[in-house]
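A short write-up of the structure that comes next.
The values are calculated or read from the model by the stated rules, or taken from the named source; none is laboratory data. On a predicted model such as this, the values are computed, not experimentally measured, just so you know. Virtual Cβ from ideal backbone geometry, glycine too; neighbours counted across all protein chains shown. We work out accessible area using only protein heavy atoms, side chains counted, and drop any ligands, DNA or RNA first. Shrake-Rupley method; radii C 1.70, N 1.55, O 1.52, S 1.80 Å.
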Amino acid sequence: MVKRGTYTQKYQNMTIPYGGICYEKHLVLSGGGGGIINRKMLVKLLVLLGFLLLVNSGTCVATDPSTGNISNNSDLNITQQQGLAAAGEVKTTPASSTTTLKEQYNTTHGIWIQSDDIGKINVTALQEAGITDVFIKVSRVGNYNDTLTLVQQKLSGSSIRVQAWITSFLDANGNWVDPEGHYSYTVQVPYQKTVQVAYQQWYKGWYKQWYQSKYKKWYKSGKKWRYSWVSRSKYRWKYGWTTRTAYRYEIQTAYNTATRYGTDTSLNDKLVQFSSDLASSNLVNGVHLDYVRYPGTAYKHEDGTGAITNFVQRVNTAVKSVNPQIALSAALMPEGSVNAYFYGQSYSQLSTYLDFLVPMIYKGNFQQDTNWIGQTTAYIVSQANGTPVIVGLQSYISDKNLKPLSAVEITQDIDKAMENGASGYVLFRYGLIDPAFLIGANFDAPAAQSETKPTTTYPAELQPYLQPTANCQSNDARIVTLAQSITAGASSNYDIGQRIFNWVRDNLDYSWYYNSAKGAVNAMLSRTANCCDMSHLIVALSRAAGLPARYRHGTCTFSSGTFGHVWADIYVDGNWIPADATSNANSFGIIRNWNTNSWSLKGVYAQLPF
């Protein structure tokens, strides 16, 4: 029989507490049938009972009736009564019988999402891409409950986990806060000084009195002499009162600027409390710390690394005491062996208190390549003491160039990280990710079961311009999802067409080759195409969005010569609007990169024949 709580054995008004979850020991104290046990024998029995209790308390196998899990308790001082933790201790919950919390994050596919982008989340696309976790930006000074409640409503019915992404040591104005709470300020310190002051002193004496005197100045004009009156300054000496500059000495108050220093760890306390509040909210699966570091100046502090580690340990204690199943992670810098020196982030030390590490291995910002991602991942994994390393990857070129990387390149970066020991990835960030990637990391995804419905009912003669073809895969899941993403919130058919045109023009680079070689899907994935394949993508996206679209083929004169050329037409409100995305100079309905006044039509097609 197994008991929980406090077991008491009463003898002569004495109560012996028996805490924890253990197998019950039975003592028979009876005056009948088995004889009377005297006090000496009773003492022996009590000593034996104490010994048995001591043995069991060291290796007691405890069964939690709420989970059926088994855990080993080896700490003789742990408080077990009613499952409450003692002051200063962490209350823990037995782990799953099959996996630990860290093991649950051994295969993580995540995305960082700003709070402003929550309304744009396409849950279907996330699921099809295999996303397991979303890292949602929340602020401790705002109403984070509303933000996270909205996220939960969005993700309702999915298995995607929510990590609350919080900023640590960077304030709302973008200023760094010292993790140790040290700060400096300036004050004006008064002091006395003697200064020489000039003043005007009156005295009686001789002085020059200046005046203007006029005289005739003669000059020759032709044969005649003429004159003009001219003024000049003259003086005369005069005796009387006048002034002169004199000096005297005065004591004045002046100010020096001095630097003062103080310590204020209130931000640390607020962050720890905020993490605890999140853990108890039932709205998140984890807490993710960002900017939990120095801005490259840790080496200037006596123990910068210790300050960061101690703070993370405090957050760990706070979070786990509320809910041991809440994961704790942190975004870390990727600078290898010098990471602790500059930022105070020791991979080895932090792995003790984090359930997974998220090094931000942003190749674009560091002007590196995919191989660097692999090398950096391997080093951090070697320092993580078995804690999962979920590699943070930039989904766009760099902070100086926000153009999204192609789905193919993102996948190559992920593969390189996984080959070198990563347990998953997190992409930074939603809204700057090639939609082709979100449609599915599996590029062989099957065709969608249903298409986006047209916004208008079109007559029979326009129906061919709404159908999928071999190169215009308008019913492909990736094309459909991309079309939905591009046109979400569009206010009119014209807005839909313009958004599709702008996306293709702005996200695909032109490459020169003959005829169709890729089709719409591969043009979307590779992010480069000729005029035929760009037109395939425009036509496919338009048809997926419910707008008729066709191909136009002609001989056109460019600045470089005259060539055969293909572009798309999108049907909007009774008009065919040209959409040529091969040049950034073009806009929806306007072509500028070739002479539209001198060209010849070669064909108009619902399906491009070449």
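Within the option set N268, N282, N323, being within 30 Å of A164 (Cβ to Cβ) and under 21 Å from the mean Cα position of the chain (by Cα) holds for one residue only, N268. Residues of the range 393-402 that are touching a strand residue (DSSP E or B) at 6+ places or on another chain (Cβ under 7 Å) and either closer than 13 Å to E335 by Cα or open to solvent by 70 Å² or more (accessible area, probe 1.4 Å) (or both): L402 alone. Taking each residue of the range 573-593 that is touching a residue at least 12 places away in the same chain (Cβ under 8 Å) and on the phi > 0 side of the Ramachandran plot and looking for partners that are β-branched (V, I, T) and open to solvent by less than 30 Å² (accessible area, probe 1.4 Å) with beta-carbon atoms closer than 6 Å, six or more apart or interchain, yields G589/I577. Residues in the range 399-426 that are outside any helix (DSSP H, G or I), within 17 Å of R478 (Cβ to Cβ) and hydrophobic (A, V, I, L, M, F, W, C): L405 only.
For beta carbons closer than 7 Å, sequence separation of 6+ or different chains, a first residue in the range 373-384 that is over 9 Å from Y347 (Cβ atoms) and open to solvent by 10 Å² or more (accessible area, probe 1.4 Å) and a second that is in a helix (DSSP H, G or I) and not hydrophobic (A, V, I, L, M, F, W, C), the qualifying pairs are T376/G336.
All conditions but one from (1) under 30 Å from D303 (Cβ atoms); (2) touching a strand residue (DSSP E or B) at 6+ places or on another chain (Cβ under 6 Å); (3) surrounded by 11 or more Cβ atoms within 10 Å (Cβ to Cβ) apply to S184; the one that does not is (3).
If you check Q367, Q375 for being out of contact with any strand residue (DSSP E or B) (no Cβ under 6 Å at 6 or more places or on another chain) and part of a loop (DSSP other than H, G, I, E, B), only one passes: Q367. Only a single criterion out of (1) at pLDDT 90 or above; (2) open to solvent by 70 Å² or more (accessible area, probe 1.4 Å) is not satisfied by N285, namely (2). Kindly evaluate N507 against the criterion of being within 34 Å of the chain's Cα centre (by Cα) and under 22 Å from L405 (Cβ atoms). Answer is yes for this residue.
Only one residue in A523, A448 is among the aliphatic types (A, V, I, L, M) and at pLDDT below 90, so which one is that?
A448
For A490, the conditions (1) open to solvent by 10 Å² or more (accessible area, probe 1.4 Å); (2) of a type outside the set (V, I, T); (3) touching a helix residue (DSSP H, G or I) at 6+ places or on another chain (Cβ under 9 Å); (4) touching a residue at least 12 places away in the same chain (Cβ under 8 Å) all hold with the exception of (4).
For the range 163-173, filtered to residues that are at pLDDT 85 or above and not aromatic (F, W, Y), the residue that is surrounded by the fewest Cβ atoms within 10 Å (Cβ to Cβ) is D171. Residues that are open to solvent by less than 80 Å² (accessible area, probe 1.4 Å) and without any contact (Cβ under 8 Å) to a residue 60 or more places away in the chain within the range 246-265 comprise A246, E250, listed in sequence order.
Taking each residue of the range 553-564 that is without any contact (Cβ under 8 Å) to a residue 24 or more places away in the chain and looking for partners that are of a type in the set (S, T, N, Q) and in a strand (DSSP E or B) with beta-carbon atoms closer than 7 Å, six or more apart or interchain, yields T562/T555.
In the set (1) surrounded by 12 or more Cβ atoms within 10 Å (Cβ to Cβ); (2) part of a strand (DSSP E or B), the condition left unmet by S321 is number (2).
Looking across the range 100-140 at every residue that is more than 19 Å from G431 (Cβ to Cβ) and open to solvent by 50 Å² or more (accessible area, probe 1.4 Å), the one that is nearest to the chain's Cα centre (by Cα) is identified as R140.
Evaluated against (1) outside any loop (DSSP other than H, G, I, E, B); (2) more than 17 Å from Q114 (Cα to Cα); (3) among the polar types (S, T, N, Q), N145 falls short on exactly one condition, (2).
Conditions tested, residue by residue: (1) at pLDDT below 95; (2) open to solvent by 10 Å² or more (accessible area, probe 1.4 Å); (3) over 24 Å from V408 (Cβ atoms).
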residue: A460; (1), (2), (3): yes, yes, yes
residue: Q484; (1), (2), (3): yes, yes, no
residue: N507; (1), (2), (3): yes, yes, no
residue: H536; (1), (2), (3): no, no, no
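When Y605 is tested against the conditions (1) over 39 Å from the mean Cα position of the chain (by Cα); (2) over 22 Å from N471 (Cβ atoms); (3) surrounded by 13 or more Cβ atoms within 10 Å (Cβ to Cβ), the lone failure is (2). From the list N502, N593, N584, the one residue that fits, being open to solvent by 30 Å² or more (accessible area, probe 1.4 Å) and farther than 26 Å from R478 by Cα, is N593. Here is the figure for the range 324-363: residues that are open to solvent by 20 Å² or more (accessible area, probe 1.4 Å), in contact with a Ser or Thr (Cβ under 6 Å, 6 or more places away or on another chain) and either without any contact (Cβ under 8 Å) to a residue 24 or more places away in the chain or within 16 Å of Q104 (Cα to Cα) (or both) total 1.
Pairing residues of the range 453-470 that are within 23 Å of A520 (Cα to Cα) with residues that are aromatic (F, W, Y) and modelled with pLDDT under 95, at Cβ distances under 8 Å and at least 6 apart in sequence or on separate chains, gives L466/Y458.
Of all helices (runs of 4 or more DSSP H) completely enclosed by the range 449-533, which ones contain at least 1 residues that are in contact with a strand residue (DSSP E or B) (Cβ under 7 Å, 6 or more places away or on another chain) and of a type in the set (S, T, N, Q)?
Here the list reads 493-507.
Taken as a whole, the structure leaves N515 outside the set of residues that are open to solvent by 40 Å² or more (accessible area, probe 1.4 Å) and either at pLDDT below 90 or touching a Ser or Thr at 6+ places or on another chain (Cβ under 7 Å) (or both).
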